[in-house]
Amino acid sequence: MATLRLHLLCLLFAASGVASNVTAADKALTIGGRTLSLAVQGDCSQAHRPGRELARYLAQYDPSGEPKADPMDETPLTQEEIRIARQALVESGFHYPDGQESVLTWMDFNGDGVCDFTASAGIGGMRPIDRMFLFQGVHGGGFRLAEAHLHYMDGAIVPVPYIALTVAGERLPLLARRYSLMQWQGKRKALAACENIERGAAINGAGASPVLVALCPHAREIYEWAARQLPHQNEISY
């Protein structure tokens, strides 16, 4: 029954386009002197591909920081273990720990007109983890891994790891994930995150993003608001 419920919820996410479930009362949040709303998805129908086809891009992920099956073993993964882990990830593809196919959410986070996507891929067993991925579409086809993180699962799956938000007055969207915010920096051609600001880092001498400076103190609140706009508050119990 739990597997069937998860499957039905995944279909709901996929069919809804995610952002279409926002109600008029919740469509905007004003915080830190900025007004935010869920980003309107462009036409990414041409970019849509099944997860099994996109799984080959998971080979770009570096699993060296992942926990071992034995929690007492703190030795680094060998190159052979990394190769095997990466191969297993590609073969398993975008699936949750119980085997259900992951939701793929499309967006354009860097404003280049090429569709990007976010999805997760989990590992089941005694110590289930969920890997969160953000892939950047490249001109001419294909995808490049832009950002990834993982966390131990606590009885629920997060279907949309990176939620794209529109900030009034900003051309590029803000990406909200648990405990952090991110935004593409065009001059650097890279993502800047709240972690950079917390470390007091000026990135390549360009300084911190004014949007992140204003909104990072509210990162958790912003994510929680954004998650409430999505079906089932962006969590699927398992």
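At a glance:
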quantity	calculated
Unique match (being farther than 25 Å from GLY42 by Cβ and within 18 Å of the chain's Cα centre (by Cα)) among VAL103, VAL90, VAL114	VAL90
Residues of segment 71-99 satisfying the condition of being in a helix (DSSP H, G or I) and open to solvent by 40 Å² or more (accessible area, probe 1.4 Å)	GLN79, GLU80, GLU81, ARG83, ILE84, ARG86, GLN87, ALA88, VAL90, GLU91, SER92
Contacts under 9 angstrom Cβ, first residue in segment 80-96 being under 14 Å from ASP62 (Cβ atoms), partner open to solvent by 30 Å² or more (accessible area, probe 1.4 Å) and modelled with pLDDT of 95 or more, 6 or more apart	ARG86/ALA59; ARG86/GLN60; GLN87/ALA59; LEU89/ALA59; VAL90/ARG56; VAL90/ALA59
ARG86 closer than 19 Å to PRO161 by Cα, at pLDDT below 95 and of a type in the set (Lys, Arg)	no
Cβ pairs under 7 Å, 6+ apart, first in segment 130-152 and surrounded by fewer than 21 Cβ atoms within 10 Å (Cβ to Cβ), second aliphatic (A, V, I, L, M) and in a loop (DSSP other than H, G, I, E, B)	VAL138/VAL114; HIS139/VAL114; ARG144/VAL138
Residue check for PHE109: in contact with a Ser or Thr (Cβ under 7 Å, 6 or more places away or on another chain), aromatic (Phe, Trp, Tyr) and either open to solvent by less than 20 Å² (accessible area, probe 1.4 Å) or part of a loop (DSSP other than H, G, I, E, B) (or both)	no
Residues being open to solvent by 60 Å² or more (accessible area, probe 1.4 Å) and closer than 12 Å to THR105 by Cα - total across segment 44-58	3
Complete set of residues in segment 159-183 that are outside any strand (DSSP E or B) and either surrounded by fewer than 17 Cβ atoms within 10 Å (Cβ to Cβ) or over 9 Å from the mean Cα position of the chain (by Cα) (or both)	ALA168, GLY169, GLU170, ARG171, LEU172, PRO173, ARG178, TYR179
Test set (1) open to solvent by 40 Å² or more (accessible area, probe 1.4 Å); (2) over 19 Å from the mean Cα position of the chain (by Cα); (3) farther than 24 Å from SER237 by Cβ; (4) modelled with pLDDT under 90 - LYS68 fails condition number	(1)
Checking LEU104 against (1) crowded, with 17+ Cβ neighbours inside 10 Å; (2) over 21 Å from ARG177 (Cα atoms), the condition it does not meet	(2)
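The values are calculated or read from the model by the stated rules, or taken from the named source; none is laboratory data. Please read all numbers here as calculations on a predicted model, not as lab measurements. Virtual Cβ from ideal backbone geometry, glycine too; neighbours counted across all protein chains shown. Please note that ligands, DNA and RNA were not included when accessible areas were found on the heavy atoms of the full protein model with its side chains. Shrake-Rupley method; radii C 1.70, N 1.55, O 1.52, S 1.80 Å.
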